[in-house]
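Taking it in order: structure first as structure tokens, then the write-up.
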Amino acid sequence: MKKIWPHIILIPLLLTIPIVSSPDFDGTLSVFRVSPFQREFIRFVMVIIFFYVNLNIFLPKLYNQKKYLAFTVCILICFGMMIFLPYYLASENIFSGQPSQMELGPPPMPYPNGDFPPPSIDRAPHENFGPRNEGSYRQMIFSSVLPFLFSFLSSLFIFRNNEKKELEKSKAKAELLNLKYQLQPHFLFNILNSIYSLALLKSDDAPNGILKLSNVMRYVVQESSKDFVELDKEIEYLKDYIALQLVRTDSSLDFSYTEIGEMKGLKIAPFILVNFIENAFKYGFNAEENSKITVKVIVQEDILSFNVFNNIVNKKVADENSLKVGLKNTIEHLQQTYPDKHTLEMNNDGATFEVDLKINLI
């Protein structure tokens, strides 16, 4: 419906152009009684009709399907109609060069004795009609070719532009889908490594970890194909992921999580936040040093503020290349999904690392 309204407004505005530009226009609708204006107005209407027919039917269904012969025939038929149809609809003397009775006005009234007045010089059939004579084939074709070309080329330009936008949209969607497929196995492998570590340690937290893992895997399977998910579900997924990471830490980690704001009714692209938390645990936890990780999730109206801070206490990460790929994919994911609707700041001073992300979720 939003795409229709501009056309509903534009078409009446376009139809006023031949009216106000006509030399016969005197501020009233009497101009519609003049045959030359009638022909020009009909031709103008046909130009608009041809524009939409060519844009929505001929170009996509014939030209784009490589049915060039049918396309050419349809274009020539429309051009022929634009040449001849206005004359047959609005002229009584098409090729004679004489004005029609509508142009001459009503016949003169007889005198009281029954005699008719002599013909008026102003009503001579041919006098002063030359400049408005569109009877010849040459004039008919010339008066139609420019409007026809303008309509054809403008519709072709818009069609090509729409095709280009659709191609870019499809390409962006394919790239985004590819990023998702790269992100999902990356997170799953890291979670499995966490559970494996618990099993080796024969930790009592292993059963709870397996439960959290099942929640995470269920979320990945059910929500990964969606473009957007409920924000509260995504945050629950983050909490489960954090819980999986915490079960393999000890008291040397100072961890805090803060959540502020109402999340109901808001949506976010899935798996777009978790990589920052993964990096924080990979670089921010070392059992031999005092470690600190803080995560803040704040929602104010439609703006999500996501902050992750950690000390850098683990500079030798086994899967560092994997983490860099995950972070790169997340940044690309943000740029694809929230262009001009997010800000991302990452500060690394060698001792600490902080991520501050803000997303407009509308």
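The values are calculated or read from the model by the stated rules, or taken from the named source; none is laboratory data. Note that the structure is a prediction, hence the values are computed from the model and not measured. Positions of Cβ are generated from backbone atoms using ideal geometry, with glycine treated the same way; all protein chains shown enter the neighbour counts. To get the accessible areas, we keep the full protein, side chains included, count just its heavy atoms, and leave off ligands, DNA and RNA. Shrake-Rupley method; radii C 1.70, N 1.55, O 1.52, S 1.80 Å.
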Discussion item. Residue under question is Ile48, and the condition is that it be open to solvent by 70 Å² or more (accessible area, probe 1.4 Å) and under 34 Å from the mean Cα position of the chain (by Cα); does it hold?
Written reply: no
Worksheet item: Quick one: which of Leu327, Leu344, Leu334, Leu357 is outside any loop (DSSP other than H, G, I, E, B), aliphatic (A, V, I, L, M) and out of contact with any helix residue (DSSP H, G or I) (no Cβ under 9 Å at 6 or more places or on another chain)?
Response: Leu334
Worksheet entry | Test for Val308: is it touching an Asp or Glu at 6+ places or on another chain (Cβ under 9 Å), modelled with pLDDT of 95 or more and among the β-branched types (Val, Ile, Thr) | yes
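Is it the case that Phe152 is within 18 Å of Ile272 (Cβ to Cβ), modelled with pLDDT of 85 or more, out of contact with any Asp or Glu (no Cβ under 9 Å at 6 or more places or on another chain) and surrounded by 12 or more Cβ atoms within 10 Å (Cβ to Cβ)?
No; evaluated as a whole, the condition is false for this residue.
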Worksheet item: Only one residue in Arg39, Arg33 is over 22 Å from Phe148 (Cα atoms) and touching a residue at least 12 places away in the same chain (Cβ under 8 Å), so which one is that?
Response: Arg33
Practice prompt. Sort out which residues of the stretch 1-34 are aliphatic (A, V, I, L, M), outside any loop (DSSP other than H, G, I, E, B) and open to solvent by 90 Å² or more (accessible area, probe 1.4 Å), and write them in order of number.
Written response: Ile9, Leu13, Val20, Leu29
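Would you be able to say whether some residue in the stretch 243-257 is in contact with a Leu (Cβ under 7 Å, 6 or more places away or on another chain) and of a type in the set (Ser, Thr, Tyr)? Even if it seems obvious, please write down each step before you answer.
Applying the first criterion (in contact with a Leu (Cβ under 7 Å, 6 or more places away or on another chain)) to the stretch 243-257 yields 244, 247-248, 255.
Next, from what is left, pick out any that are of a type in the set (Ser, Thr, Tyr): none.
Checked against the condition, which is being in contact with a Leu (Cβ under 7 Å, 6 or more places away or on another chain) and of a type in the set (Ser, Thr, Tyr), the stretch 243-257 yields no hits at all.
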Discussion item. Of the residues Tyr257, Tyr283, only one is open to solvent by 10 Å² or more (accessible area, probe 1.4 Å) and in a helix (DSSP H, G or I); which?
Written reply: Tyr283
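Would you please name the residue that is farthest from Thr294 (Cα to Cα), looking only at residues in the stretch 192-231 that are at pLDDT 85 or above and open to solvent by less than 40 Å² (accessible area, probe 1.4 Å)? Let's see the steps before the verdict.
Kept after step one, since they are at pLDDT 85 or above, are these residues of the stretch 192-231: 228-231.
Keeping just the survivors that are open to solvent by less than 40 Å² (accessible area, probe 1.4 Å) gives 229, 231.
On the way: Val229: 24, Leu231: 20 Å.
Result: Val229.
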Worksheet item: Being open to solvent by 40 Å² or more (accessible area, probe 1.4 Å), hydrophobic (A, V, I, L, M, F, W, C) and either closer than 23 Å to Leu14 by Cβ or modelled with pLDDT of 75 or more (or both), is that true of even one residue in the stretch 161-183?
Response: yes
